[in-house]
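A.B. asks: My structure is below; once you've seen it, I'll send some questions.
The values are calculated or read from the model by the stated rules, or taken from the named source; none is laboratory data. Owing to the predicted nature of the structure, the values given are computational and were not obtained by experimental measurement. Positions of Cβ are backbone-derived with ideal geometry, glycine not excepted, and every protein chain shown enters the neighbour counts. Side chains are part of the model used for accessible areas, which takes the heavy atoms of the whole protein and leaves out ligands, DNA and RNA. Shrake-Rupley method; radii C 1.70, N 1.55, O 1.52, S 1.80 Å.
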Amino acid sequence: MNKFMTIALNEAKKAYIKREVPVGAVIVKDDVIISKAHNLREHKNTSLAHAEILAIEKACKKLNSWRLDDCTMYVTLEPCMMCAGAITQSRIQKVVIGAMDEKNGVVESIAKVFDIKTTTKVEYEIQKEEECSNILSNFFKELRNNKK
């Protein structure tokens, strides 16, 4: 599990370098990476370019199916409502979360979307939680300092 969250963190670092909110996602099936992505909202000028959505799109193309049964998503930040809906609609079996999002997260923080008649299981990557949180904290701290 830890190796896939490390890869998701590497995706988040790519977003950081591009001055995007540093969130990364990896989709795995049978212990093989199917897709990986990071936030690209600024570069694509769309609010839909979240890491989870982009990873789902890539995985669907690779598997030639909208159903991502038996897949696990590793994501560095708790999914928002849009991403949680996409995860459910694509039938991803399990989501492993690196850090909680108290403002927008709907898995545990402001709601518990996956508790509402879904088959999606949730796990938390405690070993990488600090690293997942720190990359976000550093990004926003740097952003605030640059505005001064």
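A.B. asks: Return only the number of the condition from (1) surrounded by fewer than 18 Cβ atoms within 10 Å (Cβ to Cβ); (2) over 18 Å from T120 (Cα atoms); (3) of a type outside the set (G, A, S) that R67 does not satisfy.
C.D. replies: The single condition R67 does not satisfy is (2).
A.B. asks: OK, next. For the stretch 70-85, how many residues meet the condition of being of a type in the set (A, V, I, L, M, F, W, C) and open to solvent by 40 Å² or more (accessible area, probe 1.4 Å)?
C.D. replies: Counting residues in the stretch 70-85 that are of a type in the set (A, V, I, L, M, F, W, C) and open to solvent by 40 Å² or more (accessible area, probe 1.4 Å) gives 2.
A.B. asks: Restricted to the stretch 100-130, and to residues that are in contact with a strand residue (DSSP E or B) (Cβ under 7 Å, 6 or more places away or on another chain) and more than 26 Å from R67 (Cα to Cα), which residue is modelled with the highest pLDDT?
C.D. replies: Ranking the qualifying residues of the stretch 100-130, first place goes to D101.
A.B. asks: Within the stretch 102-136, which residues are surrounded by 12 or more Cβ atoms within 10 Å (Cβ to Cβ), within 21 Å of F4 (Cα to Cα) and aliphatic (A, V, I, L, M)?
C.D. replies: Passing the criteria: V107, V122, I135, L136.
A.B. asks: Which of the residues spanning the stretch 59-109 are over 22 Å from S133 (Cβ atoms) and touching a residue at least 60 places away in the same chain (Cβ under 8 Å)?
C.D. replies: I92
A.B. asks: Considering only the stretch 1-30, state which residues are modelled with pLDDT of 95 or more, under 21 Å from Q93 (Cα atoms) and open to solvent by 70 Å² or more (accessible area, probe 1.4 Å).
C.D. replies: D30
A.B. asks: If you don't mind, another one. Considering the stretch 66-104 alone, what residues qualify as being among the hydroxyl-bearing types (S, T, Y) and in contact with a Leu (Cβ under 7 Å, 6 or more places away or on another chain)?
C.D. replies: Those that are among the hydroxyl-bearing types (S, T, Y) and in contact with a Leu (Cβ under 7 Å, 6 or more places away or on another chain): T76, S90.
A.B. asks: Also: Could you please let me know if I126 is more than 13 Å from the chain's Cα centre (by Cα), closer than 20 Å to V23 by Cα and without any contact (Cβ under 8 Å) to a residue 40 or more places away in the chain?
C.D. replies: It is true that I126 is more than 13 Å from the chain's Cα centre (by Cα), closer than 20 Å to V23 by Cα and without any contact (Cβ under 8 Å) to a residue 40 or more places away in the chain.
A.B. asks: Sticking with this one: Just checking, how many residues over the stretch 34-64 are open to solvent by 20 Å² or more (accessible area, probe 1.4 Å), over 10 Å from the mean Cα position of the chain (by Cα) and over 17 Å from R91 (Cα atoms)?
C.D. replies: Going through the stretch 34-64 one residue at a time, the tally reaches 9.
A.B. asks: Okay, moving on. Return the only residue of L68, L63, L48, L54 being in contact with a helix residue (DSSP H, G or I) (Cβ under 7 Å, 6 or more places away or on another chain) and among the aliphatic types (A, V, I, L, M).
C.D. replies: L68
A.B. asks: I'd like to know if the stretch 121-129 contains one or more residues that are within 24 Å of I33 (Cβ to Cβ) and part of a loop (DSSP other than H, G, I, E, B).
C.D. replies: Looking for residues that are within 24 Å of I33 (Cβ to Cβ) and part of a loop (DSSP other than H, G, I, E, B), one finds at least one in the stretch 121-129, hence yes.
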